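**Q** One structure follows; several queries about it will come next.
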2 protein chains.
Amino acid sequence: MIIDCHGHYTTAPKQLQTYRDAQIAELANPAAKRTKGTVDVSDDALRASVQPQLNFQSDRGTDVTIFSPRASAMAHHIGDATTSLHWSQQCNDLIYRVCNLFPQKFIGVCQLPQTPSAPLANCIEELERCVNELGFIGCNLNPDPSGGNWTAPPLTDRSWYPFYEKMVELDVPAMVHVSASCNPNFHATGAHYLNADTTAFMQFLTADLFKDFPTLRFIIPHGGGAVPYHWGRYRGLAQDMKRPLLTDLIRNNVFFDTCVYHQAGIDLLLKIVPIDNILFGSEMVGAVRGIDPETGHYFDDTKRYIDGATGLSDADRRKLFEGNARKVYPRFNKRIPE
Amino acid sequence: MIIDCHGHYTTAPKQLQTYRDAQIAELANPAAKRTKGTVDVSDDALRASVQPQLNFQSDRGTDVTIFSPRASAMAHHIGDATTSLHWSQQCNDLIYRVCNLFPQKFIGVCQLPQTPSAPLANCIEELERCVNELGFIGCNLNPDPSGGNWTAPPLTDRSWYPFYEKMVELDVPAMVHVSASCNPNFHATGAHYLNADTTAFMQFLTADLFKDFPTLRFIIPHGGGAVPYHWGRYRGLAQDMKRPLLTDLIRNNVFFDTCVYHQAGIDLLLKIVPIDNILFGSEMVGAVRGIDPETGHYFDDTKRYIDGATGLSDADRRKLFEGNARKVYPRFNKRIPE
């Protein structure tokens, strides 16, 4: 089985955006009654909307996608905690419906109702709802709900601990994933995403978070940002700072996906990062939509790069494609047993 | 000849920090008279202070370092334009003295007196002073004078254009280099530096800056941040956005150094980025000070990785070690002719 740990619902029916547009418009009217409201979309429309993902799964030979709301649309910087709660619940509810329509093809991961002024307001409750009631197996945690102004405390700050306690209790991991950038310096998918990955890794390196939470697990997406390319720099920084060896630091707690869109990048990742800490992912349908003229294949068809990598044993491939995901997301096994 | 394009004066005599401490202390007294003052340090003390760099040059077999003030100490976010001007001038004056003491070993690049509220105040004048009077051959340009809050406009914004006009007129390049981070999210050398590299590249990718300034040249340090590792992502984003091919985009304008501290990272860089766009650099004595227990050599002895790289022709090595630096910093040739 091939599990893609990184897929967002980037092809949701237009009714979802209509809902969001109305919600944002309503922010101009403080007297408006704030309700969750409804996204009026049929099961048939949902089925049609994920046809691109299903086709790609079939064409590329992957089996199931760990599926979450569109990351760039989370936009936690818009509105307040109530805005974020209603929007997150709607997005999560659609993921739930898609997962129920195609239970062998999609398994849910939730968006959290973060907001800059109160980063954890509502988040614990929504995580519990999604895991216990909707059968989700993880969450996307935004280290920068401000959308590029980086006003929240680092992920290792104790203010995040109540949320981590709930993650540990529910035995679900978080993918560290920012959303849209409202800072003109940062292109979302070309800078902000990768910067957040790099930033989070260095936060983890410099603190004792995993001593406090030995079973807490994070996936750093997009191949770990700049980290594997600069592995020597990080090994050296850790050594200078008298921190643990990187392999010990990440062993049970930090994992990278394979959303790196060329062979040489994947080769580096597989060579440098322990195979136990890499999860197959494509971010499909996502940041890069086109076909690479140098290969004739989609840039984000990351399975091809792994198939093309030399030096991986069959056991390594099974870990990378399936075993590691089942380990990092243990609730996956309740949905689709081995 | 082997030219190291990236060295900072991280070993300056303690009198420089004493000056800075007094300058910062004085900010608490608005009535204080603001003068440039003096850094009282002898030539002998300067000679002694750069002995580590000279020893490393000798031990590693490099010849000359393009030398600039300590990047993390620029701290443009402290004080105002006057603070930054006096501090930059003192730092640049020390570089000038070191370069005069060892004219075959160090060639100067200047710190700019940037400040968050007026990013270019004083900068043109100080660049002219350093190039025309002190014989410097380039500058370090900070895309985020706020120190991690990213409040300046992107490097492609027209507000930077007057400075670029002066760079073009003087025929000097800029290394894109942030300074210390006062945002607790960003570790300086482990996150902020690499994020800035990645961010600047994406800014260049999405704008027509080099149509407006065909001879403007930037060095993106630290091996280009996350960019070479994610080259496929950037090729795909550029294609989706109908931007030029990356190789065309960077050809005469964007260059990466080799400050990547392990063999696999350097191998990726050399494989992916056109050799004409790579300049040898080590950032020595810099971010990572230790010896890699896996190799027995200093992490930042980047010459070893290039020596260890396969597939480079002698002509490639000459470009990487010397020719490209002479091309990107044409004033180098006036200081040390070929």
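The values are calculated or read from the model by the stated rules, or taken from the named source; none is laboratory data. All figures in this text were calculated on a predicted structure; none of them were measured in a lab. So basically every Cβ, Gly included, is an ideal-geometry build from the backbone, and we count neighbours across all protein chains shown. When the accessible area is computed, the model is the full protein with side chains, heavy atoms only, and any ligands, DNA or RNA have been set aside. Shrake-Rupley method; radii C 1.70, N 1.55, O 1.52, S 1.80 Å.
**Q** Listed residues A:ASN185, A:ASN195; which is at pLDDT 95 or above, in contact with a Ser or Thr (Cβ under 9 Å, 6 or more places away or on another chain) and assigned to a helix (DSSP H, G or I)?
**A** A:ASN195
**Q** Name every residue in the stretch A:254-283 that is open to solvent by less than 10 Å² (accessible area, probe 1.4 Å), away from chain B (no Cβ under 12 Å) and either aliphatic (A, V, I, L, M) or over 13 Å from the mean Cα position of the chain (by Cα) (or both), in order of residue number.
**A** A:VAL254, A:ASN277, A:ILE278, A:LEU279
**Q** What helices (runs of 4 or more DSSP H) lie completely within the stretch B:10-85 and have 3 or more residues being under 27 Å from B:CYS182 (Cβ atoms), open to solvent by 40 Å² or more (accessible area, probe 1.4 Å) and at pLDDT 95 or above? Please lay out each step first, then the result.
**A** Details: elements: B:14-26, B:43-49, B:51-60.
Of the helices (runs of 4 or more DSSP H) lying wholly inside the stretch B:10-85, those with at least 3 residues that are under 27 Å from B:CYS182 (Cβ atoms), open to solvent by 40 Å² or more (accessible area, probe 1.4 Å) and at pLDDT 95 or above span B:14-26.
**Q** With (1) under 17 Å from A:PHE56 (Cα atoms); (2) without any contact (Cβ under 8 Å) to a residue 60 or more places away in the chain; (3) open to solvent by less than 60 Å² (accessible area, probe 1.4 Å) as the list, and A:ASP307 as the residue in question, which single condition is left unmet?
**A** With respect to (1) under 17 Å from A:PHE56 (Cα atoms); (2) without any contact (Cβ under 8 Å) to a residue 60 or more places away in the chain; (3) open to solvent by less than 60 Å² (accessible area, probe 1.4 Å), A:ASP307 is out only on (3).
**Q** Further, regarding this structure: On the basis of being in contact with a Cys (Cβ under 6 Å, 6 or more places away or on another chain) and small (Gly, Ala, Ser), does B:GLY281 make the cut?
**A** So B:GLY281 fits the description; yes.
**Q** Still on this structure: Please find, within the stretch A:152-189, the residue that is surrounded by the fewest Cβ atoms within 10 Å (Cβ to Cβ) out of those that are at the interface with another protein chain (Cβ under 8 Å from one of its Cβ atoms) and in contact (Cβ under 8 Å) with a residue 40 or more places away in the chain.
**A** Residue satisfying both the conditions and the ranking: A:THR189.
**Q** If you take the residues of the stretch A:34-88 that are out of contact with any strand residue (DSSP E or B) (no Cβ under 9 Å at 6 or more places or on another chain) and among the basic types (Lys, Arg), which of them is nearest to A:GLY290 (Cα to Cα)?
**A** Filtering the stretch A:34-88 for residues that are out of contact with any strand residue (DSSP E or B) (no Cβ under 9 Å at 6 or more places or on another chain) and among the basic types (Lys, Arg), the one nearest to A:GLY290 (Cα to Cα) comes out as A:ARG47.
**Q** Looking at the stretch A:228-253 only, could you name the residues that are closer than 30 Å to B:GLY236 by Cβ, open to solvent by 10 Å² or more (accessible area, probe 1.4 Å) and either among the small types (Gly, Ala, Ser) or free of Cβ contacts under 8 Å to residues at least 40 places away in the same chain (or both)?
**A** If the condition is that a residue be closer than 30 Å to B:GLY236 by Cβ, open to solvent by 10 Å² or more (accessible area, probe 1.4 Å) and either among the small types (Gly, Ala, Ser) or free of Cβ contacts under 8 Å to residues at least 40 places away in the same chain (or both), then A:ARG235 is the only one that fits.
**Q** How many residues does the stretch A:190-215 contain that are more than 10 Å from every other protein chain (Cβ to nearest Cβ) and more than 22 Å from A:CYS259 (Cα to Cα)?
**A** 9
**Q** Has the stretch B:315-332 got any residue that is open to solvent by 50 Å² or more (accessible area, probe 1.4 Å) and either of a type in the set (Asp, Glu) or touching a Pro at 6+ places or on another chain (Cβ under 8 Å) (or both)?
**A** no
**Q** If you don't mind, there's one more thing I want to ask. I'm told A:PHE256 meets every condition in (1) under 20 Å from A:THR199 (Cβ atoms); (2) among the hydrophobic types (A, V, I, L, M, F, W, C); (3) in a loop (DSSP other than H, G, I, E, B); (4) modelled with pLDDT of 95 or more except one. Can you identify the failing condition by its number?
**A** Condition not satisfied by A:PHE256: (3).
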